[in-house]
C-alpha cells in the first residue's frame, strides 16, 4: 500500500489496498476510502467520511470536518463522495449538522481550487464547481450543472440540472433547470444552449426548452400562470422545469428584461 511514512491514519479507518496517501495527510476514524483513491499531501479526511472508487483529494483539501453551524451540538454525521470525483487544492466539504445526516457530492464531479461545499448540501453527479465557488448550507445542485469561479449559492437554494451559473453570480433564489444565469443577484439570461449541446441534447429538445423559457420569462405571464402551461407539455424536460418551480420554497430567479422580472417569483 503506497502510504507515505508521515501520513497519520486512524486505526479504525478502512483503506482499500491500492489507496495512495501522501505526506502529512490525515485520515480520521471510521473513514472509508475505496479502491483507486488518492489522498495527496497535507489533505484531511474527517471521521466517517466515505470516498467512492477512483476519487482524489488534493493537497490541503479538507473533507468531512465539522460544520460551520452554531446549532451543531457535535452529533455524528458524515460526508459521502461518489466515484471518480476530484477535489482540488484547498477544497472544503463539511459534514452535515443534523444527527445521522449526510453532506453528499456525487460521481464524476470536479471541485476546483478553493471551492466550498457547506453542511447538508447535495451536489449531484457530473457537477463542476470552478475556483472559489461556494455553497451555503443545505444548497442543492442538480446533475451536470456548471458553477463558474466565485459564484455563490445562498443557503437552502437549488440550482437545477444542467444550469450554467456565471462567474461571481450570487444565487439567492432557485435557478430552474437548463438555464443560463449571471449577475448579482443572479438573473436568468436565457437557456444554457452550449451546456445542453455538450450533454448530447438534440436540437429539437433544445428548441422545446427555449420555448419553455419564453413562456416563463418572455410571455408576460406570472410565474404560476407559466408553470401551469409548462405542466401540460409533452416534453419531459419542460415538465421537469414545472416541477422544479412547484417545489421551490425560495421562489425562482427573475429573468433579464422579461415582463415578469419585477413580479413576485414565488409560487
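Taking the criterion of being exposed (fewer than 15 other Cβ atoms within 10 Å of the Cβ), in contact (Cβ under 8 Å) with a residue 24 or more places away in the chain and within 19 Å of residue 193 (Cβ to Cβ), no residue of region 219-246 qualifies. Within region 147-179, the set of residues being crowded, with 24+ Cβ neighbours inside 10 Å, assigned to a strand (DSSP E or B) and out of contact with any helix residue (DSSP H, G or I) (no Cβ under 8 Å at 6 or more places or on another chain) comprises 147, 153, 159, 165, 171, 175.
Just need a number here: residues in region 180-207 that are in a helix (DSSP H, G or I) and farther than 16 Å from residue 161 by Cα. Please lay out each step first, then the result.
Narrowing region 180-207 to residues in a helix (DSSP H, G or I): 193-198, 203-207.
Filter again for farther than 16 Å from residue 161 by Cα, leaving 203-204, 207.
Final tally of qualifying residues: 3.
Would a scan of region 108-118 turn up a residue that is in a loop (DSSP other than H, G, I, E, B), buried (at least 24 other Cβ atoms within 10 Å of the Cβ) and modelled with pLDDT of 95 or more? Walk me through it before giving the result.
From region 108-118, those in a loop (DSSP other than H, G, I, E, B) are 108-109, 112-115, 118; that's our starting set.
Still in the list and also buried (at least 24 other Cβ atoms within 10 Å of the Cβ): 109, 115.
Then keep just the ones that are modelled with pLDDT of 95 or more; that gives 109, 115.
There is at least one residue in region 108-118 that is in a loop (DSSP other than H, G, I, E, B), buried (at least 24 other Cβ atoms within 10 Å of the Cβ) and modelled with pLDDT of 95 or more.
Candidates 36, 52: the one that is surrounded by 18 or more Cβ atoms within 10 Å (Cβ to Cβ) and either out of contact with any helix residue (DSSP H, G or I) (no Cβ under 9 Å at 6 or more places or on another chain) or within 18 Å of residue 129 (Cβ to Cβ) (or both) is 52.
Close contacts from region 100-115, counting a first residue that is on the phi > 0 side of the Ramachandran plot and a second that is part of a loop (DSSP other than H, G, I, E, B), with Cβ to Cβ under 6 Å and a gap of 6+ residues or different chains, come to 108/84; 108/125; 108/126; 114/90; 114/131; 114/132. For residue 70, the requirement of being crowded, with 18+ Cβ neighbours inside 10 Å and over 22 Å from residue 51 (Cα atoms) is not met.
The values are calculated or read from the model by the stated rules, or taken from the named source; none is laboratory data. The model shown is predicted, which means the values in this text are computed figures rather than measured ones. When we count neighbours, we look across all protein chains shown, and the Cβ atoms used for this are built from the backbone with ideal geometry, even at glycine.
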